[in-house]
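> Below: one structure in structure tokens.
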């Protein structure tokens, strides 16, 4: 009889300061283990410190500075915070989920960050593994798409850069896709939290796209009239070329018009769009829908007709060609 001995190896042991900086001399980590504070992946090569940075999805975080490198995409909703803050500057009471907003904890003990995780944990605690977790009462959500372009603090219009879709005209001189400047619009998500309190979250999104035809012509397209819709379908694998689950998924509003991921940097990173609502802060937007509905996933929201999408009347914006390096 051969006896086999199983060996256990310690791959990581870290002591953190409140904002995620590693306590010197009180930590050990195997080089094969890439994750650290809040379970985020470490990148030790990005800056000249021992800790490097962490990717939170929407922004890059430096635990040594206790600051993100870029401005919070939801900073307009939190005027009382610096736009580079981490977890609302309350690292004992909250964590940061995706670089957009604080994620409250329960008396210093981190709660699951998504309803899916909550249900999984509740299920694992039941003695009968076949017993299903009963969801909390589901709640309705309203989305309002504004009819006037969103504005910066200086009064200028926020905008996105698009190319013609599905056929992008090409500049004969540069052999590059022709680019077009379209305004961004405000998308307001309204609902109630589990405690019954009413809340609103605001996002920016592309509302009108640029249709590119095979003959090289282009035109502005999208929903311009006022209307209210109740989505009943969720497309989990849209867009097909996106691999990060945070940015996947689309809600069918009406016919071919969807709500899906938009540009994280809309004024610099061109994208094709043919009139769908392309939300710039999409991971946070999806999390907001789950939080306000009490649903375990977006499909539950559409299956139960919990979502109502209202378009305000809007004028079609002019078709303006955009040249790289031009003054916005």
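> Output the number of the condition that residue 71 fails; it satisfies all remaining conditions of (1) at pLDDT 75 or above; (2) under 17 Å from residue 55 (Cα atoms); (3) surrounded by 14 or more Cβ atoms within 10 Å (Cβ to Cβ).
So the condition that residue 71 fails would be (3).
> From the list 181, 151, which one is in contact (Cβ under 8 Å) with a residue 40 or more places away in the chain and within 23 Å of the chain's Cα centre (by Cα)?
Sole residue among the options that is in contact (Cβ under 8 Å) with a residue 40 or more places away in the chain and within 23 Å of the chain's Cα centre (by Cα): 181.
> How many of the residues in the range 184-204 are free of Cβ contacts under 8 Å to residues at least 60 places away in the same chain and either over 28 Å from residue 139 (Cβ atoms) or loosely packed, with under 12 Cβ neighbours inside 10 Å (or both)?
Matching residues across the range 184-204 total 4.
> Of the residues that sit in the range 205-228 and are part of a loop (DSSP other than H, G, I, E, B) and without any contact (Cβ under 8 Å) to a residue 60 or more places away in the chain, which one is farthest from residue 283 (Cα to Cα)? Break it down stepwise before answering.
To start, the set of residues in the range 205-228 that are part of a loop (DSSP other than H, G, I, E, B) comprises 207-208, 213-217, 222-226.
When the remaining residues are screened for being without any contact (Cβ under 8 Å) to a residue 60 or more places away in the chain, the result is 213-217.
Values: 213: 31, 214: 33, 215: 36, 216: 34, 217: 34 Å.
Top of the filtered list is 215.
> What's the number of the condition residue 233 fails, among (1) buried (at least 16 other Cβ atoms within 10 Å of the Cβ); (2) in contact (Cβ under 8 Å) with a residue 40 or more places away in the chain?
Only one criterion in (1) buried (at least 16 other Cβ atoms within 10 Å of the Cβ); (2) in contact (Cβ under 8 Å) with a residue 40 or more places away in the chain is unmet by residue 233, namely (1).
> Check off (1) in contact with a helix residue (DSSP H, G or I) (Cβ under 8 Å, 6 or more places away or on another chain); (2) more than 19 Å from residue 262 (Cβ to Cβ) for residue 194 and give me the number that stays unchecked.
Unmet condition: (1).
> Within the bounds of the range 120-139, is there any residue that is surrounded by fewer than 14 Cβ atoms within 10 Å (Cβ to Cβ), in contact with a helix residue (DSSP H, G or I) (Cβ under 6 Å, 6 or more places away or on another chain) and modelled with pLDDT under 75?
Within the range 120-139, not a single residue is surrounded by fewer than 14 Cβ atoms within 10 Å (Cβ to Cβ), in contact with a helix residue (DSSP H, G or I) (Cβ under 6 Å, 6 or more places away or on another chain) and modelled with pLDDT under 75.
> Name the residue, out of 182, 170, that is touching a strand residue (DSSP E or B) at 6+ places or on another chain (Cβ under 9 Å) and at pLDDT below 95.
Result: 170 is the single residue among 182, 170 that is touching a strand residue (DSSP E or B) at 6+ places or on another chain (Cβ under 9 Å) and at pLDDT below 95.
> Another question, then. Return the residues of the range 252-274 that are crowded, with 17+ Cβ neighbours inside 10 Å and over 14 Å from residue 209 (Cα atoms); say none if nothing qualifies.
Once the filter is applied, which keeps residues that are crowded, with 17+ Cβ neighbours inside 10 Å and over 14 Å from residue 209 (Cα atoms), the range 252-274 yields 252, 253, 264.
The values are calculated or read from the model by the stated rules, or taken from the named source; none is laboratory data. Just so it is clear, the structure is predicted and the values come from calculations on it, not from any experiment. Every residue, glycine as well, gets a Cβ built from its backbone with ideal geometry; the counts of neighbours run over all protein chains shown.
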